[in-house]
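Trainee: Structure incoming, see below.
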Amino acid sequence: MKRVLVLGCTGSIGTNALNIINYMPQDFVLCGVQAHSSKERLEEIAARAKCPSLLTSEKNTPQDLEAFVEECKPDIVVNGICGSAGLIPSKIILEKGIDLALANKETIVMAGSLIKELAHDKNAKILPVDSEHSAIFCLTQKIGTENISKIIITASGGPFRTLTKPELEQVTIEQALNHPTWQMGKKITIDSATLANKGLEVIEASQLFDVGADKIEVVVHPQSLVHSLVRTKDGMLYAQISEPDMKHPILNALTWPENKENYLEPFDLFDKTMTFFKPRMQDFPMLSYAFECVKFGKAYPIAYNAANEVAVNAFLEEKISFQAISRIVRSVLDKNWNHKIKSFDDVFAADEEARSYTAELI
């Protein structure tokens, strides 16, 4: 039985993780919950799950989190924290040699090589929870990385995939928050609409699976049934297919390396339609900027993530338009980000610099 600590327990990842733990008591025990949420709500979640340990936003320092992890003694931690705030928790977990079920893509986007090196040194596993990276991870485990020539990441295309460029200029916050297939938090939903979320996933995939930009492709798949594919050297495609439900990738991470029978409904192919399209890079440039960041490396991915976070927040506060998000990120990336990233301090310094510059632009 695995002891599981859930960070970001009130978000979609955290909620689904709690659901799995509740339905599989023979396999998992919840040893701790954390959220940047009201103390009352967190206490309610902890009481319902009969979990003795909780950490609220009142205690929000790295030292508080370290002490909390020591108290919980988890075998694996689900990091469902949204945005760059998830990096330090990931670092703390791996420093303690604990396996990390990682849904926080910013951890890898901002500090991929440092995080992977830390995991290696501490003999801890990083198990992807993003549905796309979970699919790629499972496929590469079965097929072998040496046999794969290309990684193909699927994207829903968001709510605006069929809009014209002039129509995109008129997008409202309400429209941008209405995702066609996934129920997610505000930040990630906006990122899906701009394709920045897919851009972050491209950067994450390059780091997690040690591949260059030329080995990664994105395909728009509105039904979100195929979670990603790999192409083998003989030209064949292999896909992972299931309903658009985050419980599957979370369960994969929690049970790895086993493949357990569970309570989730098996996927049924009957009466399903699957369509695939090329992404419109010119109309949704955040995706092309991400490929650019993979090629340039150094602090470019950090600047991309920081500028996007600040710009999305400005959009949600009605300070800028939807299309201004990508224009602002472009202006930030036009600066020189050839900073050498040798430590986590370098990561945080580049992140702060990019945020400050983005705020000035806005």
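The values are calculated or read from the model by the stated rules, or taken from the named source; none is laboratory data. Values in this document were obtained by computation on a predicted structure and should not be read as measured data. Every residue, glycine among them, receives a Cβ derived from its backbone with ideal geometry; neighbour counts consider all protein chains shown. Heads up: the accessible areas ignore ligands, DNA and RNA and are worked out on the full protein's heavy atoms, side chains in. Shrake-Rupley method; radii C 1.70, N 1.55, O 1.52, S 1.80 Å.
Trainee: List the number of the failed condition for V29; all other conditions in (1) open to solvent by 30 Å² or more (accessible area, probe 1.4 Å); (2) within 26 Å of K105 (Cα to Cα); (3) hydrophobic (A, V, I, L, M, F, W, C); (4) modelled with pLDDT under 95 hold.
Mentor: Evaluating V29 over (1) open to solvent by 30 Å² or more (accessible area, probe 1.4 Å); (2) within 26 Å of K105 (Cα to Cα); (3) hydrophobic (A, V, I, L, M, F, W, C); (4) modelled with pLDDT under 95 leaves (4) as the failure.
Each row is one residue, and each column tells you yes or no for (1) open to solvent by 30 Å² or more (accessible area, probe 1.4 Å); (2) in a loop (DSSP other than H, G, I, E, B); (3) touching a residue at least 12 places away in the same chain (Cβ under 8 Å); (4) over 14 Å from P301 (Cβ atoms).
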{"site": "F315", "(1), (2), (3), (4)": "no, no, yes, yes"}
{"site": "E318", "(1), (2), (3), (4)": "yes, yes, yes, yes"}
{"site": "S326", "(1), (2), (3), (4)": "no, no, yes, yes"}
{"site": "N336", "(1), (2), (3), (4)": "yes, yes, no, yes"}
{"site": "I341", "(1), (2), (3), (4)": "yes, yes, yes, no"}
{"site": "V347", "(1), (2), (3), (4)": "no, no, yes, no"}
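Trainee: Moving to a separate point now. Mind checking which residues of region 93-105 are open to solvent by less than 10 Å² (accessible area, probe 1.4 Å) and either within 21 Å of K340 (Cβ to Cβ) or more than 14 Å from the chain's Cα centre (by Cα) (or both)?
Mentor: I93, L94, listed by residue number.
Trainee: Considering each residue of region 170-188, count those that are assigned to a loop (DSSP other than H, G, I, E, B) and closer than 16 Å to K319 by Cβ, and give that number.
Mentor: Count: 2.
Trainee: Can you tell me which residue in region 117-130 is surrounded by the most Cβ atoms within 10 Å (Cβ to Cβ), limited to those that are touching a Phe, Trp or Tyr at 6+ places or on another chain (Cβ under 9 Å) and within 22 Å of K215 (Cβ to Cβ)?
Mentor: P128
Trainee: Which condition from (1) surrounded by 16 or more Cβ atoms within 10 Å (Cβ to Cβ); (2) among the hydrophobic types (A, V, I, L, M, F, W, C); (3) closer than 20 Å to C138 by Cβ is the one that L269 breaks?
Mentor: (1)
Trainee: Could you grab me the full set of residues in region 1-26 that are in a loop (DSSP other than H, G, I, E, B), out of contact with any Cys (no Cβ under 8 Å at 6 or more places or on another chain) and open to solvent by 20 Å² or more (accessible area, probe 1.4 Å)?
Mentor: Start the filter on region 1-26 by keeping residues that are in a loop (DSSP other than H, G, I, E, B), which leaves 1, 8-11, 24-26.
Now narrow it down to the ones that are out of contact with any Cys (no Cβ under 8 Å at 6 or more places or on another chain): 1, 9-10, 24-26.
Those that are in a loop (DSSP other than H, G, I, E, B), out of contact with any Cys (no Cβ under 8 Å at 6 or more places or on another chain) and open to solvent by 20 Å² or more (accessible area, probe 1.4 Å): M1, T10, P25, Q26.
Trainee: Within region 36-68, restricting attention to residues that are open to solvent by less than 20 Å² (accessible area, probe 1.4 Å) and in contact with a Gly (Cβ under 8 Å, 6 or more places away or on another chain), which residue is modelled with the highest pLDDT?
Mentor: F68
Trainee: For region 105-149, which residues satisfy the criterion of being among the aliphatic types (A, V, I, L, M) and closer than 16 Å to Q240 by Cβ?
Mentor: Scanning region 105-149 gives L127, V129, A135, I136, L139, I143, I148.
Trainee: Continuing with the same structure: Any residue in region 133-149 that's farther than 14 Å from A101 by Cα and open to solvent by less than 70 Å² (accessible area, probe 1.4 Å): show its pairings with residues that are acidic (D, E) and in a helix (DSSP H, G or I) at Cβ separation under 7 Å, as long as the two are six or more apart or on different chains.
Mentor: Correct list of pairs: empty, since none qualify.
Trainee: Considering only region 150-184, how many residues are surrounded by 18 or more Cβ atoms within 10 Å (Cβ to Cβ) and under 14 Å from P244 (Cβ atoms)?
Mentor: Final tally of qualifying residues: 6.
Trainee: Out of all the residues in region 69-84, which are closer than 21 Å to M1 by Cβ and open to solvent by 30 Å² or more (accessible area, probe 1.4 Å)?
Mentor: Passing the criteria: E70, E71, K73, D75.
Trainee: Of the conditions (1) touching a helix residue (DSSP H, G or I) at 6+ places or on another chain (Cβ under 9 Å); (2) closer than 26 Å to Q207 by Cα; (3) among the polar types (S, T, N, Q), S321 satisfies every one except a single condition; which number is it?
Mentor: Result: S321 passes all but (2).
Trainee: Residues being under 19 Å from F276 (Cβ atoms), touching a helix residue (DSSP H, G or I) at 6+ places or on another chain (Cβ under 7 Å), buried (at least 23 other Cβ atoms within 10 Å of the Cβ) and not charged (D, E, K, R): count how many of those fall in region 200-230.
Mentor: Of the residues in region 200-230, 6 are under 19 Å from F276 (Cβ atoms), touching a helix residue (DSSP H, G or I) at 6+ places or on another chain (Cβ under 7 Å), buried (at least 23 other Cβ atoms within 10 Å of the Cβ) and not charged (D, E, K, R).
Trainee: Select, from D245, D234, D191, D214, the only residue that is over 14 Å from E132 (Cα atoms) and either assigned to a loop (DSSP other than H, G, I, E, B) or touching a strand residue (DSSP E or B) at 6+ places or on another chain (Cβ under 7 Å) (or both).
Mentor: Just a single option satisfies the conditions, and that option is D234.
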